[in-house]
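Read the figures in this text as sums done on the coordinates, not as results from a lab. Just so we're clear, the structure is a prediction, and the values are computed from it rather than from any experiment. Here Cβ is always computed from backbone atoms with ideal geometry, including for glycine, and neighbour counts include all displayed protein chains.
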Amino acid sequence: METFEITDDYIQLSQLLKVLNWVNDGAHAHALIDEGLVKVNGKQEFRRRNKIVPGMVVELGKKKVKVVGGGE
């Protein structure tokens, strides 16, 4: 599993998918979230702007990333 470090308190789910290059653009991210293809901590997530904080794990298909903070 890869890790992604954030410097702020959180990152929105759709933004995370974009910065990881898992999607081409925001519309693609929104479509995947709306279809229920994205999981957060093992559960389907339908909130595009869900606040992803350090410690959370995001999955899309076989891709998986753990979000960490600057101090972890």
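Across segment 30-43, computed HN-Hα scalar couplings (Karplus, 6.51 cos²θ - 1.76 cosθ + 1.60, θ = phi - 60°) run 4, 5, 5, 5, 4, 7, x, 8, 9, 10, 10, 6, x, 10 Hz from first to last residue, x flagging Gly and Pro. Among the trypsin sites (Lys or Arg not before Pro) found in the chain, those both in a DSSP coil and sparsely packed, with 13 or fewer other Cβ atoms within 10 Å of their Cβ, are Arg47, Arg49, Lys62.
With no solvent and one point on each alpha carbon, what is the Debye value of log10 I(q)/I(0) for segment 10-49 at q = 0.17, 0.22, 0.26, 0.34 Å⁻¹? For the requested q values the scattering log ratios are -0.35, -0.59, -0.83, -1.26.
Once the Cα-Cα distance is subtracted from the 0.36 nm per residue extended length, the Lys39 to Gln12 segment shows a gain of 8.4 nm.
Taken along its three principal axes, the alpha carbon spread of the chain comes to 33, 21, 18 Å, from the longest extent down to the shortest.
For the chain, the relative contact order works out to 40 percent when only alpha carbon pairs closer than 8 Å and six or more residues apart are counted. Kindly work out what percent of the DSSP beta bridges joining two residues of the chain are antiparallel, to the nearest 5. Bridges in the chain are about 70 percent antiparallel. Around the Cα centre of segment 1-56, unit charges on the Cβ atoms of Lys, Arg, Asp and Glu (plus for the first two, minus for the last two) sum to a dipole of about 200 debye. Near the amide H of Phe4, under 5 Å away, which other amide H atoms are found, from residues 5 or more places off or on another chain, if H is placed in the peptide plane? HN-HN under 5 Å from Phe4: Lys66, Val67, Val68.
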